[in-house]
1. What number of residues within region 381-398 satisfy the criterion of being surrounded by fewer than 17 Cβ atoms within 10 Å (Cβ to Cβ), closer than 14 Å to GLY264 by Cα and either hydrophobic (A, V, I, L, M, F, W, C) or free of Cβ contacts under 8 Å to residues at least 12 places away in the same chain (or both)?
2. Among the residues of region 281-304, write down those that are in contact with a helix residue (DSSP H, G or I) (Cβ under 9 Å, 6 or more places away or on another chain), open to solvent by 10 Å² or more (accessible area, probe 1.4 Å) and either more than 30 Å from LEU391 (Cα to Cα) or of a type in the set (Gly, Ala, Ser) (or both).
3. Quick check, is ARG217 open to solvent by less than 20 Å² (accessible area, probe 1.4 Å) and not hydrophobic (A, V, I, L, M, F, W, C)?
4. Where in region 6-107 are there helices (runs of 4 or more DSSP H), lying fully within it, with 1 or more residues that are closer than 25 Å to GLN223 by Cβ and among the polar types (S, T, N, Q)?
5. Of the residues that make up region 114-123, is at least one assigned to a loop (DSSP other than H, G, I, E, B), at negative phi, without any contact (Cβ under 8 Å) to a residue 12 or more places away in the chain and open to solvent by 40 Å² or more (accessible area, probe 1.4 Å)?
6. Here are some conditions: (1) over 19 Å from SER313 (Cα atoms); (2) assigned to a helix (DSSP H, G or I); (3) touching a residue at least 60 places away in the same chain (Cβ under 8 Å). LEU371 meets all but one. Which one does it not meet?
7. Could you please find all residues in region 340-350 being open to solvent by less than 30 Å² (accessible area, probe 1.4 Å) and within 30 Å of VAL293 (Cα to Cα)?
8. Quick one: is GLY278 assigned to a loop (DSSP other than H, G, I, E, B) and open to solvent by less than 10 Å² (accessible area, probe 1.4 Å)?
Amino acid sequence: LRAPTATGAWGTLAGMRILILGGDGYLGWPTAMRFSARGHEVSIVDNFSRRRWHLEHSTDSLTPIRSLQERVDAWREVSGHDIKTYVGSIEDGEFLDSVIAEVLPEAVVHYGEQPSAPYSMKSRKTAVETQYTNVIGTLNLLFAMRDHVPDCHLVKLGTMGEYGTPNIDIEEGFIEIEHKGRKDTLPFPKVPGSLYHLSKVHDSHNIHFACRTWGLRATDLNQGVVYGIETEETAQDERLVTRFDYDQYFGTVLNRFCVQAVIGHPLTVYGEGGQTRGFLNIRDTLQCVELAVNNPADLGEFRVFNQFTEQFSVRELAELVQRAGTELGYDVEVRHFPNPRVEAESHYYNAANTKLRDLGLKPHYLGDELLRSILKTIERYKDRVIERAILPTTKWNPGELVAEMPAASEG
């Protein structure tokens, strides 16, 4: 990474070598284009596992996405910039070592994980796959960085779900504790609600260890639930569109509600709908990642940013979608179903999120205009909806039948 100036500010970061793990995904592909458009030298690693998981479940992205090579070719044609691709799994340490040694990245953006709580809770097989993919992949990355690019900055996508829903305010990664007359600043306690979220806790601990022990630098972005379809880059050409999932395993709640509103499916609110989480637009995910890359952590520093812009309950989201859909002429019904998860129906939730704002984040807040835009885009692709994929077949408590349960609130 470029040296800081005499005042401690970082010089221009144009032309950095940036490696994006999971660069074929919902967030990874728009992120790759964003950095490429800024003049950085971008490389992608992906093993197409998300595409494979959809094939295995006979589901698909709402948006018709091209192959990675077609996307890269289209991006080169539209922007004049190239993106280099590597196909392989980061669970393969030798493969990842070879990529890191060749690219010699100055920043690694790590999206390359299994991202679904419901998928992780489906069976023993999917739980093991989730833990192996996420924990082993991240461990391989840390060793590769230590051995080949120890000055590189890791920007890792975590999740607000690592914290759970404690009955105190959630800080950004660390909390000052006084116990028996002594004080210390320690990692904030984490009570994850699924085996997916637990894998992310393992990641955070492993990354923190690598920073303390090996002197690596890392930013853990504990992201809220993402919604939206378009970014500046995907809107330039139909061939550049990113994926948009709405199914029981990979569709997050607001995206799923919007699809349900357009096709006339009742919005599936489970329980009282009081479960509260942090949310952000996909455009803000790109903003946050770019801010983290452009303002790197110090060597040996493990820092945590809570990456969300607003907090909503599931019930509040349903009401927002119902109102926006009604204004567009859709007949939007809201129904409550038993909760397939083991979680409190209502709870205290107040999380800090100032660090990214301090770096200059300018949020896109959720409102009627933004919702109507998302609904209109979904309307273009509504014939691609596979309705049977919306309702879940996975329940946290396996002793109860779930054939008619609603989809989970968080992907």
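1. 3
2. Those that are in contact with a helix residue (DSSP H, G or I) (Cβ under 9 Å, 6 or more places away or on another chain), open to solvent by 10 Å² or more (accessible area, probe 1.4 Å) and either more than 30 Å from LEU391 (Cα to Cα) or of a type in the set (Gly, Ala, Ser) (or both): GLN287, GLU290, LEU291, ASN294, ASN295, LEU299, GLY300, GLU301, PHE302, ARG303.
3. Judged against the criteria, ARG217 is a match.
4. Result: 28-37, 49-56.
5. yes
6. Every condition holds for LEU371 apart from (1).
7. Listed by number, the list holds a single entry, TYR349.
8. No, not satisfied.
The values are calculated or read from the model by the stated rules, or taken from the named source; none is laboratory data. Here the structure is a predicted model, which is why all the values come from computation and not from measurement. Heads up, the Cβs are rebuilt from the backbone with ideal geometry, glycines too, and the neighbour counts pull from every protein chain shown. Side chains included, ligands, DNA and RNA excluded: accessible areas come from the protein's heavy atoms. Shrake-Rupley method; radii C 1.70, N 1.55, O 1.52, S 1.80 Å.
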